[in-house]
Amino acid sequence: MSKNNIRSFRYSDEVAKILESFNGNSLNEKFENLVLYCFKVLPDCEKRKKKLDEEISERLGKISDMDRYCRDIETMIRDLEKLKDEIGNLSKAPAFIMERLGKKK
């Protein structure tokens, strides 16, 4: 591959560490390999990120639905407990009425 582009640039110590750790025999080769690797891999990473974001959004929707269902069930349980108490009170009514009727005689 022809290398006609000659450039000089400055970079931070952090970039130097990354560049030095990349595969290649020379700094130029390491730089080229890093740029090509990122260029080839980035689109796949972006696609994967998009899929994961969609999956997260879908799961958050399901969690929201489940939360709503749980709140509905909790409301029903409270209503049923109130109904149970009211039925319990109603079951005492005949005895109360009979007692009242007995006192009137």
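The values are calculated or read from the model by the stated rules, or taken from the named source; none is laboratory data. Nothing here was measured: the structure is a model prediction, and the numbers come from that model. Note: ideal-geometry Cβ built from the backbone for every residue, glycine included; neighbour counts use all protein chains shown.
Output yes when any residue across the stretch 34-45 is charged (D, E, K, R) and surrounded by 10 or more Cβ atoms within 10 Å (Cβ to Cβ), and no when none is.
Of all residues in the stretch 34-45, those charged (D, E, K, R) come to 40, 44.
Now restrict to residues that are surrounded by 10 or more Cβ atoms within 10 Å (Cβ to Cβ): none.
Looking through the stretch 34-45, none of the residues is charged (D, E, K, R) and surrounded by 10 or more Cβ atoms within 10 Å (Cβ to Cβ).
Between residues in the stretch 62-87 that are on the phi > 0 side of the Ramachandran plot and residues that are outside any helix (DSSP H, G or I), which pairs lie under 6 Å by C-beta distance while being six or more apart or on different chains?
none
Return yes when residue 28 is surrounded by 10 or more Cβ atoms within 10 Å (Cβ to Cβ), among the polar types (S, T, N, Q), more than 34 Å from the chain's Cα centre (by Cα) and at pLDDT below 95 and no when it is not. If you could, list the steps in order and put the result at the bottom.
Details: surrounded by 10 or more Cβ atoms within 10 Å (Cβ to Cβ): yes; among the polar types (S, T, N, Q): yes; more than 34 Å from the chain's Cα centre (by Cα): yes; at pLDDT below 95: yes.
In short, yes.
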